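The values are calculated or read from the model by the stated rules, or taken from the named source; none is laboratory data. Keep in mind that this is a model prediction, so the values were computed, not measured. Don't worry about glycine lacking a Cβ; one is built from the backbone with ideal geometry, like all the others, and counts go over all protein chains shown.
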Amino acid sequence: MLTRRALLASGVGLTALLGLAGPRAVRAKEAETFEVTHTKAEWRKLLSPEAYHVLREDGTERAFTSPLNDEHRKGIFACAGCDLPLFSSTTKFDSGTGWPSFWKPLDNAVRTRKDLSLGIPRTEVHCRRCGGHLGHVFHDGPPPTGLRYCMNGVALSFKPAG
């Protein structure tokens with residue numbers, strides 16, 4: 001008979017408790033439904049390997065590698081997975097972290113969920129239309145919101161203002 005003590009002693013329970021078993025918030029993602037869906041094979045055809053890793057496997061690109069970190073033109077940052085507009089360039093700021101950062105998303109653009117993948121609580125940000133992982137939001141941003149939406153550049157595309 002498998003007891004709770006045996007399960008925890010095996011490390012399986014602790015791993016599941018901390019959210020370290022597989023991608024972040026897998027069960028939460030499975031419970032959500034999204035307007036844009038594809039099979040894993042279809043996503044792999046649609047996205048670059050780096051974008052697939054971030055958007056579909058909750059990966060993180062290396063800091064200071066995205067050209068969008070240095071994008072300063074007026075325009076819109078959209079989801080690289082489904083093209084949903086996510087952030088306006090008017091809310092972008094240089095956080096010094098090496099990832100494109102914003103103090104506010106566009107209305108009805110993103111959703112959030114708890115992320116315990118590192119054993120500490122964080123708030124994951126994902127596209128509300130396709131569920132693609134974008135990054136995390138922190139409470140150390142500038143006014144007026146005090147938020148820092150720290151996004152993976154490979155999860156975004158940029159559309160300059162006409």
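Any residue in segment 5-26 that is farther than 21 Å from L116 by Cα and either modelled with pLDDT under 95 or assigned to a loop (DSSP other than H, G, I, E, B) (or both)?
Looking for residues that are farther than 21 Å from L116 by Cα and either modelled with pLDDT under 95 or assigned to a loop (DSSP other than H, G, I, E, B) (or both), one finds at least one in segment 5-26, hence yes.
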Kindly indicate which of T90, T97, T60 is among the hydroxyl-bearing types (S, T, Y) and closer than 29 Å to A31 by Cα. T60
Residues (crowded, with 17+ Cβ neighbours inside 10 Å and free of Cβ contacts under 8 Å to residues at least 40 places away in the same chain) located in segment 92-111: K92, A109, V110
Residue check for L86: part of a strand (DSSP E or B) and either buried (at least 17 other Cβ atoms within 10 Å of the Cβ) or touching a Cys at 6+ places or on another chain (Cβ under 6 Å) (or both): yes
Keeping to segment 52-83, report how many residues are farther than 12 Å from A155 by Cα, in a loop (DSSP other than H, G, I, E, B) and not aliphatic (A, V, I, L, M). 7
From the option list N108, N152, single residue qualifying as touching a helix residue (DSSP H, G or I) at 6+ places or on another chain (Cβ under 6 Å), at pLDDT 95 or above and polar (S, T, N, Q) is N152
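Take the residues in segment 142-161 that are in a loop (DSSP other than H, G, I, E, B), of a type outside the set (S, T, N, Q) and touching a strand residue (DSSP E or B) at 6+ places or on another chain (Cβ under 8 Å), then tell me which one is nearest to D94 (Cα to Cα).
Within segment 142-161, the first condition is being in a loop (DSSP other than H, G, I, E, B), and the residues that meet it are 142-147, 152, 161.
Checking which are of a type outside the set (S, T, N, Q) leaves us with 142-144, 146-147, 161.
This time we only want the ones that are touching a strand residue (DSSP E or B) at 6+ places or on another chain (Cβ under 8 Å), so: 142, 147, 161.
Numbers: P142: 10, L147: 13, A161: 20 Å.
Result: P142.
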